[in-house]
Amino acid sequence: MPNEQKCCCNCGCNEKDDRLEKALEIINSYKDVKGGLMPVLQQIQNIYGYLPEDVLKKVSDELNIPMSEIYGVATFYSFFSLKPKGEHIIRVCLGTACYVKGAQQIIDKISEELNVEVNDTTKDGKFTLEATRCLGACGLAPVMMIDSKVYGRLTPDDVPGILKEYEQE
C-alpha cells in the first residue's frame, strides 16, 4: 500500500515512524538555500543517528544534488555516519601519547570483550567501537570515552569492569 507507514525500527510492528516526515520537512526548508546540503545532512543524522541510504536518495531527488556528491560529503566528514550507531559510542584515542602508552591494547581488549571490530556496532546494537585521534586528555593516556564520560590511565584489565557498567543498563 502506498500510504502504509513503515515501523520505527523495521521490525514489522505498527508503530508509526515520524522521522521520514521530519526529514522531508528539513529537506524542503533548504530547497532554495545555496550550500544547504551540510545542514540537511546534520539534521537528518540528528533524527536517525546516521544517514540512511533511502533518505539520502530523497535528499538527492528533492535538492537536485547527485548521490555521488552527497556521498562525497558524507564520507569526507568524520562526524557523518552511513551505518547505524550503537546505544553507547566507545571512542579510544590513538593519538601519539595514547598510542605509545598502550591504546591499541585497549582497543584489542574491547574488541575481544564485545566481539566487535573498530568502526562497527555490536550485534545487539548496544555499542559502537571507534578509534579516534586526539581526545584532548594526553596527560591521562591511554584514554577512551564512552558517550561523554572519559576514562584515563587505562590498562586492558580495566576494560571488562568499565563495560559491565554499561551492559547492566
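The values are calculated or read from the model by the stated rules, or taken from the named source; none is laboratory data. Source: prediction; values computed, not measured. No Cβ is skipped: glycine too gets one built from the backbone with ideal geometry, and neighbour counts run over all protein chains shown. Side chains included, ligands, DNA and RNA excluded: accessible areas come from the protein's heavy atoms. Shrake-Rupley method; radii C 1.70, N 1.55, O 1.52, S 1.80 Å.
Potential lengthening of the chain between ASP32 and LYS58 amounts to 7.8 nm, from the contour at 0.36 nm per residue minus the alpha-carbon distance.
Checking every one of the chymotrypsin sites (Phe, Trp or Tyr not before Pro) in the stretch 66-98 against DSSP loop status and a limit of 15 other Cβ atoms within 10 Å picks out TYR77, PHE79. Length available on full extension from THR132 to MET67: 0.36 nm per residue minus the Cα-Cα distance, which gives 20.7 nm. Distance from the alpha carbon centroid of the stretch 125-164 to that of the stretch 37-81 works out to 29 angstrom.
Probing with 1.4 Å while keeping every protein chain in the model, the per residue accessible area of the chain equals 61 Å².
Full extension of the chain between GLU117 and ARG19 gives 32.4 nm of extra length, using 0.36 nm per residue less the Cα-Cα distance. Pop out the carbon and sulfur fraction of the accessible area of the chain as a percent, whole number, probe 1.4 Å. Result for the chain: 48 percent of the exposed heavy-atom area is carbon or sulfur.
Neighbours of SER60, meaning other residues whose beta-carbon lies under 15 angstrom from its beta-carbon, give a summed charge of -2 when Lys and Arg score +1 and Asp and Glu score -1.
Relative to the dominant Cα principal axis of the chain, helix 53-63 is inclined by about 50°.
Taking the average, over residues, of other Cβ atoms within 10 Å as the packing measure, peptides 152-164, 130-142 rank 130-142, 152-164 from highest down.
Distance between the 7 Å Cα→Cβ label points at PHE76 and GLU169: 3.3 nm.
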